[in-house]
Amino acid sequence: MLDATRTAATRPMTPLTAALMADYNRWMNERLYEAAAGLPEAELARDRGAFFGSILQTLNHVVVADCIWLHRFAGQPDAAELRLALAGIPLPTSLREEMAGSLAALHERRRELDELTRRWAGALTAEQLEAPLTYRNMAGRSFRRNFGHLVLHFFNHQTHHRGQASTLLFQAGVDIGVTDLLAVIPEA
């Protein structure tokens, strides 16, 4: 278990880190979708034995999970702008729910979520990140956890599944190149 008595200086998520991760995710998502667009739809949809089967379904799952978490984050009392931004984005009812019928349509939703995430992350405060968030999982079970840790999970989840998607692309003959966070960290 994590030590809940950490000082602000050692918290795992800060407003600056959230903004950096939002920028990184947008950058990586663009690269990933551009690389995937070079494959025929049949190759994108082909079951490759991955957890979510295909490249397309892996990318779809990240969109699904982002929608779920952003809707949960919108439950914060001071998240009115996020709630408004999510008004036209449905809350998935399954981790495998199809969010779009093609890579191009999924890419549009991805871009929409990435921009929304950048605006939201850029407005987070240290006080918000240190507060608890109460939410329900997909089975309806209630949890109350540190919001900063949940934001960390949100970004880590994307990175995890983008790693799977980049491996699937590589196996299909597409190398997306550098994927490290280091590529977007500015010089000091």
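Values quoted throughout were computed directly from the atomic coordinates according to the rules given, and no laboratory measurement underlies them. Just so you know, these numbers come straight off a predicted model, no measurement behind them. Methodologically, a virtual Cβ is constructed for each residue, glycine included, from the backbone with ideal geometry; neighbour enumeration extends over all protein chains shown.
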Quiz item: When all alpha-carbon pairs of region 119-168 are counted, what percent fall beyond 14 Å?
Solution: 64 percent
Exercise. Calculate the all-directions average of the projected area of region 46-97's alpha-carbon convex hull, and give it in nm².
Key: 3.8 nm²
Quiz item: Can you list, bin by bin at 10 Å, the percent of alpha carbon pairs in region 139-187, starting at 0?
Solution: 20, 35, 27, 16, 2
Quiz item: How much net charge surrounds LEU124 when only other residues with a Cβ under 13 Å from its Cβ are counted (Lys, Arg +1; Asp, Glu -1)?
Solution: -1
Quiz prompt | Residue-averaged [θ]222 nm for the chain, counting only DSSP H segments that reach four residues, each worth -39500 (n - 2.57) | solution = -17500 deg cm²/dmol
Practice problem: Only Lys, Arg, Asp and Glu count, each charged at its Cβ (+1, +1, -1, -1), so figure out the dipole size of region 98-169 about its Cα centre, rounded to 20 debye. | Solution: 200 debye
Quiz item: Over all pairs of distinct alpha carbons, what does the Kirkwood formula give as the hydrodynamic radius of the chain, in Å?
Solution: 17.4 Å
Quiz item: By how many nm would the segment from HIS153 to PHE51 grow when fully extended, if each residue of separation counts as 0.36 nm and the alpha-carbon distance is taken off?
Solution: 34.8 nm
Quiz item: Given a cut-off of under 8 Å on Cα pairs at least six residues apart, what relative contact order in percent is computed for the chain?
Solution: 34 percent
